[in-house]
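Down below is the structure, laid out as structure tokens.
The values are calculated or read from the model by the stated rules, or taken from the named source; none is laboratory data. Small disclaimer: the values here were computed from a predicted structure and weren't measured. No Cβ is skipped: glycine too gets one built from the backbone with ideal geometry, and neighbour counts run over all protein chains shown.
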Amino acid sequence: MADASRTVIITGAGSPRGIGRAAARRMARDGWAVALLDLNAGLAAAAAADVGTEHGVPALGIGADVTDEVSVDAAVSAVEKQLPPVRALFNIAGVTSPTRFLQTTLEEWERVMRINATGTYIVTKRVAPQMLEARKGRIVNMSSVSAQRGGGVFGGVPYSAAKAAILGFTRALAREFGPTGVTVNAVTPGVISTDIREGLTTPEREASLAADVPVGRQGTADEVAALFAFLAGDDASYLTGVTYDINGGSLIH
């Protein structure tokens with residue numbers, strides 16, 4: 001078994017084709033113990049078993065609702081008891097919504113905002129104390145190019161607003177945590193081939209999304225995972241409050 005002396009917690013890590021699962025594989029490959037949190041406990045457990053066996057590191061899969069403080073506390077407590085010290089957190093759990101603004105409901109707005117933005121707040125608040133006490137840690141939050149472009153990719157107004165909130169959260173927290181040695185950064189993917197749009201789109205729409213990207217294709221979960229892994233590593237120790245674009249040129253600024 002690899003000498004995994006530090007743990008990364010990854011939310012939204014259950015989906016087989018998701019960025020969370022890819023990030024877990026990448027971090028395990030780099031020798032980290034991994035804690036995979038997902039609303040679907042079965043998927044989380046299966047993902048942890050696969051990643052742990054493949055890379056020979058401690059891996060724990062736990063069901064957790066990122067919008068519920070009690071659920072998050074229970075999951076993180078289990079991680080703290082069973083795995084090495086938590087030194088990285090990837091807030092990846094999220095949902096999208098392509099609904100046009102005037103057709104949205106308050107219920108949909110609050111659901112998208114709560115899972116994406118409030119979930120990031122809840123999990124970070126629970127995990128951060130251990131990092132602050134150690135004066136060591138990496139927090140990487142999942143935003144989206146939709147937050148920067150004002151939509152125009154797939155997600156509508158609630159999604160773009162929630163992901164924009166994550167950027168403000170990231171920058172303010174980076175400033176506050178700066179003196180402690182804990183860094184906070186954000187990743188803003190463009191069109192990535194994952195399951196987040198499952199049931200909400202068509203093969204024709206997927207092809208159209210790819211055609212709008214200057215490099216001519218959708219990105220992969222592994223490509224985004226590599227960026228998360230970089231921001232969690234020692235080479236990123238002087239980076240905080242940064243927004244990292246990975247969008248194939250769909251936003252150039």
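Some values worked out for this structure:
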read-out	value
Qualifying residue in the range 223-245 (condition: over 30 Å from VAL86 (Cβ atoms) and not aromatic (Phe, Trp, Tyr))	no
Residues (more than 25 Å from ALA134 (Cα to Cα) and either modelled with pLDDT under 95 or of a type in the set (Val, Ile, Thr) (or both)) located in the range 165-188	THR188
Among residues of the range 103-131, those that are under 16 Å from the mean Cα position of the chain (by Cα) and aromatic (Phe, Trp, Tyr), counted	1
Single match in ARG100, ARG114 (criterion: closer than 16 Å to LEU39 by Cα, of a type outside the set (S, T, N, Q) and out of contact with any Leu (no Cβ under 9 Å at 6 or more places or on another chain))	ARG114
Test: residue in the range 115-132 that is farther than 27 Å from VAL76 by Cα, in contact (Cβ under 8 Å) with a residue 40 or more places away in the chain and surrounded by 18 or more Cβ atoms within 10 Å (Cβ to Cβ)	no
Residue pairs meeting the criteria (Cβ under 9 Å; at least 6 apart or on separate chains; first part of a helix (DSSP H, G or I) and at pLDDT 95 or above, in the range 73-98; second surrounded by 21 or more Cβ atoms within 10 Å (Cβ to Cβ) and not hydrophobic (A, V, I, L, M, F, W, C))	VAL79/THR7; GLU80/THR7
Residue match in the range 35-53 (condition: among the β-branched types (Val, Ile, Thr), over 17 Å from PHE90 (Cα atoms), modelled with pLDDT of 95 or more and assigned to a loop (DSSP other than H, G, I, E, B))	no
Hey, TYR244 more than 26 Å from ARG100 (Cβ to Cβ) and not in a loop (DSSP other than H, G, I, E, B) or not	yes
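Every residue, every condition in (1) of a type in the set (Val, Ile, Thr); (2) within 14 Å of ILE92 (Cα to Cα); (3) within 17 Å of the chain's Cα centre (by Cα), yes or no:
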residue	(1), (2), (3)
SER146	no, no, yes
GLY151	no, no, no
GLY156	no, no, no
ARG171	no, no, yes
THR180	yes, no, no
THR188	yes, yes, yes
ALA229	no, yes, yes
